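The values are calculated or read from the model by the stated rules, or taken from the named source; none is laboratory data. Quick caveat: nothing in here was measured; it's all calculated off a predicted structure. Here the Cβ positions follow ideal geometry from the backbone for every residue, glycine too, while neighbour counts run over all protein chains shown.
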Amino acid sequence: MSNYLDEKQLIAECISGKRRAQQQLFQRYAGKMMGVCMRYARHRQEAEDMMQDGFIRVFKYLDTFKHDSSLESWMRRVIVNASLRTVNKKSFSHELIGRDLPDQRMDQADIVSDLSAQEILSYLVLLPHGYRTVFNLFVVEGYNHREIGKQLNIGESTSRSQLAKARKMLQKIILEKQKIAV
């Protein structure tokens with residue numbers, strides 16, 4: 001199998017439909033993109049479906065890539081949007097929207113700093129799907145509340161509320177897990 005050292009050459013070959021190039025592009029980025037999908041999915045199979053849909057879109061629209069950012073960040077946006085399409089197909093009806101969580105003050109401001117990335121991900125998957133989606137879009141992907149609202153078909157205030165509740169719930173989960181571990 002040929003190894004494409006030049007990203008532009010790899011992209012050009014993918015656009016022309018060469019399966020080996022497409023396979024190499026997939027292999028090069030699948031791990032990172034699966035991590036993105038896992039943040040939005042409820043389980044691994046759903047993440048795999050999101051990633052498959054995302055890569056289909058990557059290959060379909062690769063000719064629109066302008067090289068004004070890195071290929072990886074362009075692909076990440078495509079994968080996030082594909083993941084959000086899956087999320088939008090699901091309703092938020094089973095989420096805890098509107099239900100206030102008990103107020104719990106955090107004495108340890110840096111509670112998360114002692115956790116590994118894997119531990120944080122394991123806690124994030126415990127959040128209700130709507131909370132987790134807004135949290136990921138805002139904290140991890142860097143979208144603002146207006147952009148989140150447009151992508152999820154919710155109001156900016158709903159996005160803010162979901163983020164605040166996600167943070168509270170995440171803090172509660174982390175504290176409870178740490179009490180069990182001690």
Worksheet item: For region 124-151, how many residues meet the condition of being in a loop (DSSP other than H, G, I, E, B), more than 12 Å from the chain's Cα centre (by Cα) and surrounded by fewer than 20 Cβ atoms within 10 Å (Cβ to Cβ)?
Response: 3
Worksheet item: Given Leu84, Leu10, Leu5, which one is farther than 24 Å from Ile148 by Cβ, modelled with pLDDT under 95 and buried (at least 16 other Cβ atoms within 10 Å of the Cβ)?
Response: Leu10
Discussion item. If I ask for residues that are among the small types (Gly, Ala, Ser) and modelled with pLDDT of 90 or more, which ones from region 48-71 would you list?
Written reply: Gly54, Ser70
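Inspect region 25-36 for any residue being modelled with pLDDT under 90 and under 16 Å from Glu141 (Cα atoms) and give the result as yes or no.
no
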Item to complete: Determine if region 72-81 includes at least one residue that is at pLDDT below 90, loosely packed, with under 15 Cβ neighbours inside 10 Å, not in a loop (DSSP other than H, G, I, E, B) and not hydrophobic (A, V, I, L, M, F, W, C).
Response: no
Discussion item. Looking at region 140-182 only, could you name the residues that are out of contact with any helix residue (DSSP H, G or I) (no Cβ under 8 Å at 6 or more places or on another chain) and of a type in the set (A, V, I, L, M)?
Written reply: Ala164, Ile180, Ala181, Val182
Discussion item. Part of a helix (DSSP H, G or I) and either in the same structural domain as Arg77 (by TED's automatic domain parsing) or under 20 Å from the mean Cα position of the chain (by Cα) (or both): which single residue out of Leu170, Leu175 fits that description?
Written reply: Leu170
